[in-house]
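Input: a single structure, listed below in structure tokens.
The values are calculated or read from the model by the stated rules, or taken from the named source; none is laboratory data. A quick note: this is a predicted structure, and the numbers were derived from the prediction, not measured. Using ideal geometry, Cβ is built from the backbone for each residue, glycine included, and neighbour counts are taken over all protein chains shown.
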Amino acid sequence: MKRRTFLKYSTAATVAAAGTSMIGGLPVRAVSPLGLLDSAEENDNILIIVQMFGGNDGLNTIIPAEDDTYQKIRPSIRVPAEFAYRIASSQTFMHPALVESHNDGFMRLWDDGRLAVIQGIGYENPNLSHFRSTDIWLSGINSSDPTVRLGDGWVGRYFAHRHPDFPQVTPDHPLAVQIGGTLSLAFRSERGDTGIALTNPEDFFELGQGLSPDEEPMAGDSAFAQEFNFIRTIARDSDRYSQVVKDAFDKGTNTLDYDKGFAKQLQLVARLISGGLRAKVYMVHMGGFDTHVQQQDISQQGQHPGLLKAFSAGVSQFMQDALEQGFANRVVGMNVSEFGRRPYENGSHGTDHGAASVQLVWGSKVKGFVYGENPDLKNLNANGDLVYQFDYRRIYAEVMQTWFGASEADSEAILGAKIIPLPILQSTATSVEIPVVRNAEAGLHIAPNPSQGESTLTFELVQPARVEVELYSSRGTLVTPVYSGLLGMGYHTLPVAVRQTGAYYCVLKANGRRLMVPFAVVR
């Protein structure tokens with residue numbers, strides 16, 4: 001890139017200060033670097049995020065079809081049990097659109113043990129604004145306070161944490177890729193955007209070619225030098241990434257024909273992975289979930305069934321492609337949506353903005369199970385919405401710690417809170433774990449359970465260890481520390497006192513391992 005062209009881009013970004021600019025199709029923000037941070041262990045695992053904008057109706061996605069209250073409050077848009085698909089022998093059903101698609105859709109994933117269903121996903125004090133709640137989900141910071149600016153995302157913070165010299169030193173391949181649109185908040189960090197957005201690799205290549213600057217980095221730490229060097233790095237990476245994306249696209253392949261529409265986004269993701277692009281996170285997008293009007297009718301026709309069928313077909317085709325090409329074990333996918341819908345249907349055969357919803361996580365390394373209970377439709381929150389069961393950040397913590405190999409301290413720094421992971425993924429660690437608690441799965445015992453507020457935790461250490469015991473709510477957020485210190489080999493008992501009634505987890509951490517036991521307090 002010649003000096004005049006480069007200065008045009010760098011000046012625009014400097015004037016914009018904290019705004020967003022485009023260079024070679026790569027959205028960038030001109031911001032100053034932060035200090036050094038520790039990096040997490042590298043692996044070749046991949047996360048795929050499907051963003052459902054508008055607020056997916058979880059109650060008509062994973063359905064309590066035999067619940068009399070469900071049938072009563074949704075007379076026109078319910079899914080009758082005879083149309084829905086029962087999950088195993090449970091009282092939980094799938095919408096037929098999730099099943100009557102490519103290769104039996106999500107039911108095939110369930111039967112193969114490759115699907116986790118998380119019921120009641122949400123957060124405290126839910127915000128029903130599309131934009132604020134989307135920012136909450138993508139940032140990983142739970143704050144409905146409009147004065148709190150949510151300017152970066154949980155993925156972006158994770159990558160900034162893992163790459164301490166970013167953006168001065170960047171990986172050879174983009175860290176994250178958004179298919180279509182502008183770059184998601186999820187991929188932004190205080191040190192700059194950590195991903196690229198593209199729709200067509202050929203167009204991306206044409207836009208990015210020739211952007212590498214002729215100018216050397218500016219010396220000094222003035223504001224202008226920092227911004228100049230930042231934009232110089234982005235221009236260089238735009239040129240470089242345009243080439244590696246095109247190379248991966250040209251080398252990659254697909255083993256089947258995908259449906260039109262949404263599935264084409266996942267087809268491109270599969271081809272880029274197949275071609276050797278080493279991005280860690282991909283995001284694809286679906287709109288149309290703001291189903292206030294004509295959501296569906298009793299014969300299962302309407303806007304929502306069509307969206308679910310497209311979602312199911314795209315994911316199923318992608319997973320078949322991944323299996324046939326041999327990268328299925330490296331991929332975990334999940335959907336996110338800013339909120340669910342109200343339990344009661346409205347007067348337009350639709351539903352209005354609600355709170356808790358359902359999340360699906362799929363992949364060969366997923367622990368297939370239905371996590372949580374069917375929503376209690378007779379006990380709603382103060383706004384008349386579904387009560388959430390799991391903090392959505394539990395999934396993020398699990399992805400970071402189990403899938404990407406981050407530490408618990410990393411996760412806490414990125415999410416800004418101690419969140420216990422929801423154990424839905426198989427560990428990819430290759431090191432041999434040395435047991436610290438005898439009979440680890442059953443050796444953690446708390447009694448009485450239920451208790452009236454005073455219980456005792458009992459366990460046996462097979463070796464001396466530094467032990468931490470913490471109390472978490474059933475939704476996954478820290479309530480209070482219980483104990484921290486060195487303990488010798490042998491039996492130990494620790495008192496656990498709880499003031500409020502409710503369901504809890506008592507969590508013991510020792511030598512890098514985490515064990516937990518659920519218990520309840522009733523008064």
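Here are the numbers for this structure:
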{"quantity": "Any hit, region 267-288, residues being in a loop (DSSP other than H, G, I, E, B), in contact (Cβ under 8 Å) with a residue 24 or more places away in the chain and among the charged types (D, E, K, R)", "calculated": "yes"}
{"quantity": "Verdict on Arg108 being surrounded by fewer than 24 Cβ atoms within 10 Å (Cβ to Cβ), touching a residue at least 24 places away in the same chain (Cβ under 8 Å) and either farther than 17 Å from Leu386 by Cβ or of a type in the set (D, E, K, R) (or both)", "calculated": "yes"}
{"quantity": "Residue within region 279-291 that is more than 30 Å from Gly350 (Cα to Cα) and touching a Pro at 6+ places or on another chain (Cβ under 8 Å) present", "calculated": "yes"}
{"quantity": "Answer residue from region 432-467, given it is modelled with pLDDT under 90 and more than 23 Å from Leu486 (Cβ to Cβ) and is surrounded by the fewest Cβ atoms within 10 Å (Cβ to Cβ) among those", "calculated": "Val432"}
{"quantity": "Test result for Leu380, crowded, with 19+ Cβ neighbours inside 10 Å and either of a type in the set (A, V, I, L, M) or in a loop (DSSP other than H, G, I, E, B) (or both)", "calculated": "no"}
{"quantity": "Counted residues, region 124-159 - those being touching a helix residue (DSSP H, G or I) at 6+ places or on another chain (Cβ under 9 Å), closer than 17 Å to Ala397 by Cβ and among the aliphatic types (A, V, I, L, M)", "calculated": "3"}
{"quantity": "From the options Leu360, Leu377, residue that is of a type in the set (A, V, I, L, M) and either closer than 15 Å to Thr69 by Cβ or touching a Cys at 6+ places or on another chain (Cβ under 7 Å) (or both)", "calculated": "Leu377"}
{"quantity": "Within region 1-86, strands (runs of 3 or more DSSP E) holding 1 or more residues that are modelled with pLDDT of 50 or more and in the same structural domain as Arg162 (by TED's automatic domain parsing)", "calculated": "46-52"}
{"quantity": "Candidates Leu425, Leu486, filtered to the one that is farther than 24 Å from Ile395 by Cα and either basic (Lys, Arg) or touching a residue at least 12 places away in the same chain (Cβ under 8 Å) (or both)", "calculated": "Leu486"}
{"quantity": "Pair list, Cβ < 7 Å and 6+ apart or interchain, from region 146-158 residues that are assigned by TED's automatic domain parsing to the domain that holds Ala186 and surrounded by fewer than 24 Cβ atoms within 10 Å (Cβ to Cβ) to residues that are at pLDDT 95 or above and assigned to a loop (DSSP other than H, G, I, E, B)", "calculated": "Leu150/Ile141"}
{"quantity": "Options Ala219, Ala225: the member that is modelled with pLDDT under 90 and either assigned to a helix (DSSP H, G or I) or under 24 Å from the mean Cα position of the chain (by Cα) (or both)", "calculated": "Ala225"}
{"quantity": "Strands (runs of 3 or more DSSP E) within region 290-374 that include 2 or more residues small (Gly, Ala, Ser), in contact with a Phe, Trp or Tyr (Cβ under 7 Å, 6 or more places away or on another chain) and crowded, with 19+ Cβ neighbours inside 10 Å", "calculated": "331-337"}
